[in-house]
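The structure appears below as structure tokens.
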Amino acid sequence: SRKLCAMSHAGKKRKLDKSRQDRLYFDSYSDVTIHEEMIADHVRTNAYRTAIFRNTELIRGRAVLDVGAGTGVLSIFCAQAGARRVFAVEACSIAEQAEEIVKHNKVEDIVQVIRGTVETVDLPEKVEVIVSEWMGYALLHESMLNSVLYARDKWLKPGGLILPSRAELYITPISDPVVEDRLFFWYTVKDQYGVDMSCMSDFARKCIKNTDITVSSVAVKDVLSHPARFAELDLNSVTVEELRSVKGPFRCESFGSAAVNAFCVYFTVTFPCPGVPQTLVLSTSPSQPETHWKQAVLYLDSPVEVVQDTPVTGEVRMYPSEDSARHICVHVDYTVGQQKTQSKTFSIPDWTPDTQS
Ligand SMILES: C[S@@+](CC[C@H](N)C(=O)[O-])C[C@H]1O[C@@H](n2cnc3c(N)ncnc32)[C@H](O)[C@@H]1O
């Protein structure tokens, strides 16, 4: 699925130089599958479409920069909303398709597809609006936000509009019964086949409850408390430097008796909507319609029992991996009730293919 497509789970740890990291990253966007997944994500694409149309007043007659235009869909929404000029900047070869789609929609007089990284392209003018869909798994995987901030500082006029303009990160303890069932399975083998395989349980635990960030859909029934927001980014002011460590404390209280065996991390992004009392939120919460981002699940080494109102507190810190700056690490310190504080660091599985050129 998105952004994991170029990553090999069995890959070796190897430090990648930045140009190779970027090449792998942009290659992953050159195929149709990833764009199909994004465009087909109705929650995502419609949130942007609605947000762009609700900002018609600020877009009409103005210049827009679409950072990482992909197939050009957001650029075309902006043209439809009356933009005077849209710069659709895209680093990978999907820019060729964007060009074709722009012509096909007869907006080639407005949308100019520019192939290149936003860090290196030259635009003929500064813009009043930046639009970008930069969010990765657990929000910050891929580190594409850095490019948006770069574009903001270089090309956005003072007081300009950024869509979306805010991002928030949440955490909540969950209980994933499927994983516990998989561990228990090895105890049931003896009854079925007369061979005791219960000793596999430890191995299974190491394989399943490793330090990988698992991207999967969390069922609402498995969520054990109200989610806690641990970080908030204002895209008008956040700096690349601040993205090197995004952290905050959290406190959750358990709804009832359960065994916590994981944390779920998810994000929302918010679009300003002038003249409308409510802002528009694109949410990847387990209690909202599913998106292709699903949720990030962080498995604990062993389950912890909670009862109603047991506090689950701690701190989450997210930072780019040392091996590849595009990879995010999530460190969680957590305390359940009176137990002593525990820590675990998670990362998205390696994406180092063996075919190094
Ligand atoms: C998540 S996709 C979004 C595509 C499209 N805007 C959409 O909403 O369907 C991000 C795109 O940004 C491109 N991209 C990422 N970083 C970039 C950069 N620094 N300069 C130019 N393009 C970039 C990627 O190649 C990818 O096509």
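The values are calculated or read from the model by the stated rules, or taken from the named source; none is laboratory data. Just so we're clear, the structure is a prediction, and the values are computed from it rather than from any experiment. Counting neighbours? That spans all protein chains shown, and the Cβs are built from the backbone with ideal geometry, glycine included.
When Val43 is evaluated against the numbered criteria (1) surrounded by fewer than 17 Cβ atoms within 10 Å (Cβ to Cβ); (2) in contact (Cβ under 8 Å) with a residue 24 or more places away in the chain; (3) under 22 Å from Leu149 (Cα atoms), which criterion, by number, is the only one it fails?
Going through (1) surrounded by fewer than 17 Cβ atoms within 10 Å (Cβ to Cβ); (2) in contact (Cβ under 8 Å) with a residue 24 or more places away in the chain; (3) under 22 Å from Leu149 (Cα atoms) one by one, Val43 breaks only (3).
Report the residue count in the range 326-347 for those that are surrounded by fewer than 17 Cβ atoms within 10 Å (Cβ to Cβ) and among the hydrophobic types (A, V, I, L, M, F, W, C).
Within the range 326-347, residues that are surrounded by fewer than 17 Cβ atoms within 10 Å (Cβ to Cβ) and among the hydrophobic types (A, V, I, L, M, F, W, C) number 0.
Select from the range 20-30 the residues that are within 13 Å of the ligand (Cβ to nearest atom) and part of a helix (DSSP H, G or I) and write down the one among them that is surrounded by the fewest Cβ atoms within 10 Å (Cβ to Cβ). Don't jump to the end; show me each part of the working.
In the first step, residues of the range 20-30 are kept if they are within 13 Å of the ligand (Cβ to nearest atom); the result is 21-30.
Next, from what is left, pick out any that are part of a helix (DSSP H, G or I): 21-27.
Values: Gln21: 19, Asp22: 16, Arg23: 15, Leu24: 17, Tyr25: 19, Phe26: 17, Asp27: 13.
Filtering first and then ranking leaves Asp27.
Inside the range 31-77, can you point out the residues that are away from the ligand (no atom under 12 Å from the Cβ), of a type in the set (S, T, N, Q) and in a helix (DSSP H, G or I)?
Thr33, Thr50, Thr56, listed by residue number.
Based on what the data block shows, is Glu241 modelled with pLDDT of 95 or more, in the same structural domain as Asp333 (by TED's automatic domain parsing), farther than 28 Å from Ile59 by Cβ and charged (D, E, K, R)?
yes
Sort out for me the strands (runs of 3 or more DSSP E) sitting completely within the range 99-176 that have 3 or more residues that are of a type in the set (A, V, I, L, M, F, W, C) and away from the ligand (no atom under 16 Å from the Cβ).
Counting at least 3 such residues, we get 166-174.
Given (1) under 27 Å from Ser165 (Cβ atoms); (2) modelled with pLDDT under 95; (3) among the charged types (D, E, K, R); (4) part of a helix (DSSP H, G or I), identify the lone condition not met by Lys3.
(4)
Looking at the range 282-291, can you tell me whether even one residue there is closer than 30 Å to Leu16 by Cβ, assigned by TED's automatic domain parsing to the domain that holds Val223 and either touching a Phe, Trp or Tyr at 6+ places or on another chain (Cβ under 7 Å) or part of a loop (DSSP other than H, G, I, E, B) (or both)? Let's see the steps before the verdict.
From the range 282-291, those closer than 30 Å to Leu16 by Cβ are 284, 291; that's our starting set.
Imposing the further condition that a residue be assigned by TED's automatic domain parsing to the domain that holds Val223 reduces the set to 284, 291.
Checking the rest, the ones that are also either touching a Phe, Trp or Tyr at 6+ places or on another chain (Cβ under 7 Å) or part of a loop (DSSP other than H, G, I, E, B) (or both) come to 284, 291.
Yes, the conditions are met somewhere in the range 282-291.
Would you mind stating whether Arg251 is among the basic types (Lys, Arg) and surrounded by 15 or more Cβ atoms within 10 Å (Cβ to Cβ)? Give the steps one after another, and end with the answer.
Working: among the basic types (Lys, Arg): yes; surrounded by 15 or more Cβ atoms within 10 Å (Cβ to Cβ): no.
In short, no.
Criterion first (of a type in the set (A, V, I, L, M) and touching a helix residue (DSSP H, G or I) at 6+ places or on another chain (Cβ under 9 Å)) does Val131 satisfy it?
Yes: the conditions hold for Val131.
Tell me whether the range 107-114 contains one or more residues that are under 26 Å from the mean Cα position of the chain (by Cα), under 30 Å from Pro320 (Cβ atoms), outside the structural domain of Thr279 (by TED's automatic domain parsing) and surrounded by fewer than 22 Cβ atoms within 10 Å (Cβ to Cβ).
yes
Out of the residues in the range 78-90 that are more than 9 Å from the ligand (Cβ to nearest atom) and assigned to a strand (DSSP E or B), state the one that is nearest to Asn46 (Cα to Cα).
The first filter runs over the range 78-90 and keeps only residues more than 9 Å from the ligand (Cβ to nearest atom), leaving 78-87.
Of the ones still in play, those that are also assigned to a strand (DSSP E or B) are 85-87.
Numbers: Arg85: 22, Val86: 19, Phe87: 21 Å.
Filtering first and then ranking leaves Val86.
From the list Ile213, Ile162, which residue is over 30 Å from Ala83 (Cβ atoms), aliphatic (A, V, I, L, M) and in contact (Cβ under 8 Å) with a residue 60 or more places away in the chain?
Details: Ile162 fails: over 30 Å from Ala83 (Cβ atoms).
The unique qualifying residue is Ile213.
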